[in-house]
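Everything on this sheet refers to the single structure shown next.
The values are calculated or read from the model by the stated rules, or taken from the named source; none is laboratory data. Note that the structure is predicted; figures quoted are calculated from it, not measured. Please note: Cβ atoms are built from the backbone with ideal geometry, for glycine as well, and neighbour counts cover all protein chains shown. The accessibility values were calculated without ligands, DNA or RNA, using every heavy atom of the protein model including side chains. Shrake-Rupley method; radii C 1.70, N 1.55, O 1.52, S 1.80 Å.
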Amino acid sequence: MAAAGAAATDLEVVRGKRAALFFAAVAILLGLPLWWKTTETYRAPLPYSQISGLNALQLRLMVPVTVVFTRDSVPLDDQEKLPFTVVHEREIPLKYKMKIKCRFQKAYRRASDHEEDALSLSSVHEAEAMLAEPEKQAEGSLTVYVISEHSSLLPQDTMSYIGPERTAVVRGLMHREAFNIIGRRIIQVAQAMSLTEDVLAAALADHLPEDKWSSDKRRPLKSSLGYEITFSLLNPDPKSHDVHWDIEGAVQRYVKPFLNALSAAGNFSVDSQILYYAMLGVNPRFDPASSSYYLAMHSLPHVINPVESRLGSSAASLYPVLNFLLYVPELAHSPLYIQDKDGAPVAANAFHSPRWGGIMIYNVDPKIYNASNLPVRVEVNMVQVMEVFLAQLRLLFGIAQPQVPPKCLLSRPKSEGLMTWELDQLLWARSVENLATATTTLTSLAQLLGKISNIVIKDDVASEVYRAVAAVQKAAEELALGHLSSAFVASQEAVTSSERAFFDPSLLHLLYFPDDQKFAIYIPLFLPMAVPILLSLVKIFLETHKSWKKSEKKD
């Protein structure tokens, strides 16, 4: 009986050891990996190496220039060398991590008979009308016509002419170094019509350090898929002024053609409103010499904030909002003028604020008050108003007066108020700005995800990152080939995808769930199960070790 009981006890001990080892094996080999896999943070793979390579990206902006030589524009020996191609490349000196090189590819050729007939006319405008090709010239490309140095197409004291389309005219030269001298003139004209340091510095103002380039280059609007434009009439004294403005007709006649010409840069929506009893946030000062009131230059920044609270246009807008305010001063402060920093009245009686909009003060003719009772009817001269607002709109989009070479005649803008090559300049600037923004966004996202390991990276976020990287590379390739339109579209896709990935809400789900909170949750779950298993393993180890020692002593 005693032997049977001892055998049963030994069998139970063996069974207990086996059970403890089995539970330990299940917990270690199956439980821990299963728990680790089900509780790990899902992070889809990202192209970190390609993102880091974007910082060393070199942009080559290629401008195709077709140079057409007429008879007697260069010596006969030089004409026999045509056609051929000359490439002029230089680096834009900007303090930015992305190196930017501008490449002018000049394709020299002789003029056709049709071009010879057009350029032999006495007026450059007649020549432009005759040279208008049925096929639209590609965005970003230029055509420069070289005429005889004695041609009457241009005034005698004019060496070059820049037209409203993507064309220019340059005087030739009968000199053995004609190609070199004319080539330098062509580069000057081509730079004025396409890429300059000022244009690129203004586009990269948010990415450049605070220095001479960026201190006064922050006026243009940031690139966006759309813009909202609001025209507001402010009538602070409706008891004295019954103001009427034909804003709908003015928008159709003046604003819509300009925005249609800018449609390649984004979508636009226009609305208008009238605000009564809307006062300026600054009290005008009285000038006894002129019996008028004035706003000093230093007080203009304080005008916007009080008025902006009444506008309400940017509260629910997804796109940047441009505000253009027409302010009719109250009778007690009429007439009201804006003074510049020297104390002289501003000719347009208006000012604009970068990336916000503009304000124009419209004074009522004092003769009206003598002829009728209050309130007097005020008919706004919309031609005068729209001239100011369109000029401000050009400045807000970074379309400034070009810096033309000496003795260069600049054509007047087309009826839309915008030259075709000015739109190309805007697309060049927007493309470079979009690439810089997308690169910065992707780099910041990669750094953030590298530092914080418990941020979830979903597959759709990763796909947006891959799409943004591919779009940046495609835009850079298209810019190097001189395909401005497709490069701009790709740069917009790069910005959209990069910002969509950066601001994805799923990135914040586990951002505030650190590791110490994980331990606080899982220790009460695993500790009661782990302690008995560990104690059993320790007991098995001690008993096994003791039995080994006994067997060694017997030996």
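Count, please, the residues in the stretch 126-149 that happen to be surrounded by fewer than 23 Cβ atoms within 10 Å (Cβ to Cβ), touching a residue at least 24 places away in the same chain (Cβ under 8 Å) and either touching an Asp or Glu at 6+ places or on another chain (Cβ under 8 Å) or under 21 Å from Arg103 (Cα atoms) (or both).
Matching residues across the stretch 126-149 total 9.
Quick one: Lys99 ticks every box in (1) basic (Lys, Arg); (2) under 34 Å from the mean Cα position of the chain (by Cα); (3) farther than 30 Å from Leu435 by Cβ except a single one, so which number is it?
Of (1) basic (Lys, Arg); (2) under 34 Å from the mean Cα position of the chain (by Cα); (3) farther than 30 Å from Leu435 by Cβ, only one is false for Lys99: (3).
So which of Leu374, Leu427, Leu445, Leu423 ends up being touching a helix residue (DSSP H, G or I) at 6+ places or on another chain (Cβ under 9 Å) and exposed (fewer than 15 other Cβ atoms within 10 Å of the Cβ)? Lay out the reasoning, then the answer.
Working: Leu427 fails: exposed (fewer than 15 other Cβ atoms within 10 Å of the Cβ); Leu445 fails: exposed (fewer than 15 other Cβ atoms within 10 Å of the Cβ); Leu423 fails: exposed (fewer than 15 other Cβ atoms within 10 Å of the Cβ).
Every option except Leu374 fails the conditions.
Does the stretch 91-109 contain at least one residue that is free of Cβ contacts under 8 Å to residues at least 12 places away in the same chain and under 30 Å from Val495 (Cα atoms)?
First pass over the stretch 91-109, keeping only residues free of Cβ contacts under 8 Å to residues at least 12 places away in the same chain: 91.
From the residues that got through so far, the ones that are under 30 Å from Val495 (Cα atoms) too are 91.
Yes: the stretch 91-109 contains one or more residues that are free of Cβ contacts under 8 Å to residues at least 12 places away in the same chain and under 30 Å from Val495 (Cα atoms).
All but one of (1) open to solvent by less than 10 Å² (accessible area, probe 1.4 Å); (2) part of a helix (DSSP H, G or I); (3) touching a residue at least 60 places away in the same chain (Cβ under 8 Å) hold for Gly450; which doesn't?
(1)
How many of the residues in the stretch 453-465 are part of a helix (DSSP H, G or I), out of contact with any Ser or Thr (no Cβ under 6 Å at 6 or more places or on another chain) and crowded, with 17+ Cβ neighbours inside 10 Å? So that I can check it myself, show each step before the final result.
Filtering the stretch 453-465 down to residues part of a helix (DSSP H, G or I) leaves 459-465.
Adding the requirement that they be out of contact with any Ser or Thr (no Cβ under 6 Å at 6 or more places or on another chain) leaves 459-463, 465.
This time we only want the ones that are crowded, with 17+ Cβ neighbours inside 10 Å, so: 461, 465.
Here the count works out to 2.
Among the residues in the stretch 92-104, are any modelled with pLDDT of 85 or more and farther than 21 Å from Ala475 by Cβ?
No, the stretch 92-104 has no match at all.
Testing Asn363 on (1) under 35 Å from the mean Cα position of the chain (by Cα); (2) under 18 Å from Pro236 (Cβ atoms); (3) surrounded by fewer than 18 Cβ atoms within 10 Å (Cβ to Cβ), one condition comes back false. Which one is that?
Against the list (1) under 35 Å from the mean Cα position of the chain (by Cα); (2) under 18 Å from Pro236 (Cβ atoms); (3) surrounded by fewer than 18 Cβ atoms within 10 Å (Cβ to Cβ), Asn363 comes up short only on (1).
Can you spot a residue in the stretch 52-71 that is of a type outside the set (D, E, K, R), part of a helix (DSSP H, G or I), touching a residue at least 60 places away in the same chain (Cβ under 8 Å) and open to solvent by less than 90 Å² (accessible area, probe 1.4 Å)? Spell out how you get there, then give the answer.
Narrowing the stretch 52-71 to residues of a type outside the set (D, E, K, R): 52-59, 61-70.
Add one more test, that the residue is part of a helix (DSSP H, G or I), and what stays is 52-54.
The next check asks that each one be touching a residue at least 60 places away in the same chain (Cβ under 8 Å); those that pass are 52, 54.
Narrowing the set further to residues that are open to solvent by less than 90 Å² (accessible area, probe 1.4 Å) leaves 52, 54.
Yes, some residue in the stretch 52-71 is of a type outside the set (D, E, K, R), part of a helix (DSSP H, G or I), touching a residue at least 60 places away in the same chain (Cβ under 8 Å) and open to solvent by less than 90 Å² (accessible area, probe 1.4 Å).
If you scan the stretch 88-113, which residues turn out to be polar (S, T, N, Q) and either assigned to a strand (DSSP E or B) or surrounded by 16 or more Cβ atoms within 10 Å (Cβ to Cβ) (or both)? Before you say what the answer is, go through the steps one by one.
Let us first name the residues in the stretch 88-113 that are polar (S, T, N, Q), namely 105, 112.
Result: Gln105, single match.
Scan the stretch 229-277 for residues that are farther than 20 Å from Gly358 by Cβ and in a strand (DSSP E or B) and jot them down.
His241, Asp242, His244, Asn267, Tyr276
Among residues belonging to the stretch 258-279 that are in contact (Cβ under 8 Å) with a residue 60 or more places away in the chain and open to solvent by less than 20 Å² (accessible area, probe 1.4 Å), point out the one that is nearest to Pro320 (Cα to Cα). I'd like the intermediate steps shown before the answer.
The first filter runs over the stretch 258-279 and keeps only residues in contact (Cβ under 8 Å) with a residue 60 or more places away in the chain, leaving 258, 260-262, 264-265.
Then keep just the ones that are open to solvent by less than 20 Å² (accessible area, probe 1.4 Å); that gives 258, 262, 265.
Numbers: Phe258: 18, Leu262: 15, Ala265: 13 Å.
Among those residues, the one meeting the criterion is Ala265.
Among the listed residues Val282, Val255, which satisfies the condition of being open to solvent by less than 40 Å² (accessible area, probe 1.4 Å) and without any contact (Cβ under 8 Å) to a residue 60 or more places away in the chain? Walk me through it before giving the result.
Values: Val255 fails: without any contact (Cβ under 8 Å) to a residue 60 or more places away in the chain.
Val282 is the lone residue from the list that is open to solvent by less than 40 Å² (accessible area, probe 1.4 Å) and without any contact (Cβ under 8 Å) to a residue 60 or more places away in the chain.
When only residues in the stretch 324-347 that are open to solvent by less than 10 Å² (accessible area, probe 1.4 Å) and over 35 Å from the mean Cα position of the chain (by Cα) count, which is farthest from Ala289 (Cα to Cα)?
Here is the first cut: in the stretch 324-347, the residues open to solvent by less than 10 Å² (accessible area, probe 1.4 Å) are 324-329, 336, 338.
Adding the requirement that they be over 35 Å from the mean Cα position of the chain (by Cα) leaves 329, 336.
Numbers: Pro329: 20, Leu336: 14 Å.
Here the answer is Pro329.
Considering (1) more than 28 Å from Gln273 (Cβ to Cβ); (2) crowded, with 16+ Cβ neighbours inside 10 Å, say which one Gln403 fails and leave the rest.
Checking Gln403 against (1) more than 28 Å from Gln273 (Cβ to Cβ); (2) crowded, with 16+ Cβ neighbours inside 10 Å, the one that fails is (2).
From Ala494, Ala487, Ala468, Ala475, grab the single residue that is surrounded by 20 or more Cβ atoms within 10 Å (Cβ to Cβ), farther than 18 Å from Gly53 by Cα and among the small types (Gly, Ala, Ser). Working first, answer last.
Details: Ala494 fails: farther than 18 Å from Gly53 by Cα; Ala468 fails: farther than 18 Å from Gly53 by Cα; Ala475 fails: farther than 18 Å from Gly53 by Cα.
Just a single option satisfies the conditions, and that option is Ala487.
Restricting to the stretch 291-313, what's the tally of residues that are part of a loop (DSSP other than H, G, I, E, B), without any contact (Cβ under 8 Å) to a residue 24 or more places away in the chain and either surrounded by 17 or more Cβ atoms within 10 Å (Cβ to Cβ) or polar (S, T, N, Q) (or both)?
First, pick out the residues of the stretch 291-313 that are part of a loop (DSSP other than H, G, I, E, B): 291, 296, 300, 312-313.
Those still in the list that are without any contact (Cβ under 8 Å) to a residue 24 or more places away in the chain too: 291, 312.
Filter again for either surrounded by 17 or more Cβ atoms within 10 Å (Cβ to Cβ) or polar (S, T, N, Q) (or both), leaving 291.
Looking only at that region, the number is 1.
Could you check how many residues of the stretch 72-87 are hydroxyl-bearing (Ser, Thr, Tyr) and surrounded by fewer than 20 Cβ atoms within 10 Å (Cβ to Cβ)?
As a first pass, look at the stretch 72-87 and keep what is hydroxyl-bearing (Ser, Thr, Tyr): 73, 85.
Of the ones still in play, those that are also surrounded by fewer than 20 Cβ atoms within 10 Å (Cβ to Cβ) are 85.
Of the residues in the stretch 72-87, 1 are hydroxyl-bearing (Ser, Thr, Tyr) and surrounded by fewer than 20 Cβ atoms within 10 Å (Cβ to Cβ).
For the stretch 150-167, which positions are within 21 Å of Pro75 (Cα to Cα) and among the aliphatic types (A, V, I, L, M)? Quick ask: steps written out before the conclusion?
Step one: list which residues in the stretch 150-167 are within 21 Å of Pro75 (Cα to Cα), which gives 150-154, 156, 158-160.
Hits for the stretch 150-167 are Leu153, Leu154, Met159.
Would you mind listing the strands (runs of 3 or more DSSP E) fully within the stretch 314-426 where at least 1 residues are within 25 Å of Leu300 (Cβ to Cβ)? Before you say what the answer is, go through the steps one by one.
Working: elements: 321-327, 336-338, 350-353, 357-361, 376-379, 408-410.
In the stretch 314-426, 321-327, 336-338, 350-353, 357-361, 376-379 are the strands (runs of 3 or more DSSP E) which contain 1 or more residues that are within 25 Å of Leu300 (Cβ to Cβ).
For the subset of the stretch 197-220 comprising residues that are part of a loop (DSSP other than H, G, I, E, B) and surrounded by fewer than 18 Cβ atoms within 10 Å (Cβ to Cβ), which member is modelled with the highest pLDDT? Spell out how you get there, then give the answer.
Taking the stretch 197-220 and keeping what is part of a loop (DSSP other than H, G, I, E, B), we get 204, 208-220.
Right, trim to surrounded by fewer than 18 Cβ atoms within 10 Å (Cβ to Cβ) and you get 209-212, 215-216, 218-219.
Details: Pro209: 64, Glu210: 59, Asp211: 53, Lys212: 45, Ser215: 45, Asp216: 48, Arg218: 55, Arg219: 67.
Residue satisfying both the conditions and the ranking: Arg219.
Taking the criterion of being at pLDDT 85 or above and charged (D, E, K, R), would at least one residue in the stretch 302-325 satisfy it?
Step one: list which residues in the stretch 302-325 are at pLDDT 85 or above, which gives 319-325.
In the following step, the residues that additionally are charged (D, E, K, R) were identified as none.
No, the conditions are met nowhere in the stretch 302-325.
On the basis of being open to solvent by 20 Å² or more (accessible area, probe 1.4 Å), within 27 Å of Gln79 (Cα to Cα) and at pLDDT 90 or above, does Arg176 make the cut?
no
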